[in-house]
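Take a look at the structure below.
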């Protein structure tokens, strides 16, 4: 597996942060391979170049296409997120949450990770952290009051994208 992670890291390393067609080519070539998602998870907190961005984009894309993470993979991914520093990689994780089956213990930790993202300077990160919070709250009533308070704050956000996401979630 280490050789595969190294090879995938090298290939993602050719991504310049803009031309996602490179990531699409990687996805087309690798998505059916055993260990693909596990290797991507291993790269989520790699802060060199655009590795974290590329790995999380590929995870998000795979989940949106119907691939699933096992419970162990979800736990492994969530155990790494504190080390994810790139805002765009954090965004991809937030956008992926609704495609994951998050265990209750992992959801508690994930909520704590999402809390400061509600105040991030990037509006899309604020909007999608709210989306993740509301998704988790819909699955676990212990988080509903927090989600409602977060929705209220987001409805008053300066950014139209955040307000629009909040209206859609409140809808």
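The values are calculated or read from the model by the stated rules, or taken from the named source; none is laboratory data. Since the model is a prediction, treat every value here as computed from it, not as a measurement. So basically every Cβ, Gly included, is an ideal-geometry build from the backbone, and we count neighbours across all protein chains shown.
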Meets criteria (under 26 Å from residue 53 (Cα atoms) and touching a residue at least 24 places away in the same chain (Cβ under 8 Å)) for residue 118:
yes
With the structure loaded, tell me whether residue 16 is under 16 Å from the mean Cα position of the chain (by Cα) and assigned to a loop (DSSP other than H, G, I, E, B) or whether it fails that test.
no
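Would you be able to tell me the number of residues in the stretch 48-85 that are outside any helix (DSSP H, G or I) and surrounded by fewer than 20 Cβ atoms within 10 Å (Cβ to Cβ)? Can you show your working first?
First pass over the stretch 48-85, keeping only residues outside any helix (DSSP H, G or I): 48-50, 65-70, 84-85.
The next check asks that each one be surrounded by fewer than 20 Cβ atoms within 10 Å (Cβ to Cβ); those that pass are 48-49, 65-68, 70, 85.
Residues meeting the conditions: 8.
Please find, among 34, 45, the residue that is over 16 Å from residue 94 (Cα atoms) and assigned to a loop (DSSP other than H, G, I, E, B).
On the way: 45 fails: over 16 Å from residue 94 (Cα atoms).
The conditions single out 34.
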When you check residue 24 against the structure, is it more than 23 Å from residue 85 (Cβ to Cβ) and either in the same structural domain as residue 81 (by TED's automatic domain parsing) or part of a loop (DSSP other than H, G, I, E, B) (or both), yes or no?
yes
Would you confirm, using the coordinates I've provided, whether residue 124 is in contact (Cβ under 8 Å) with a residue 24 or more places away in the chain, more than 17 Å from the chain's Cα centre (by Cα) and surrounded by fewer than 20 Cβ atoms within 10 Å (Cβ to Cβ)?
no
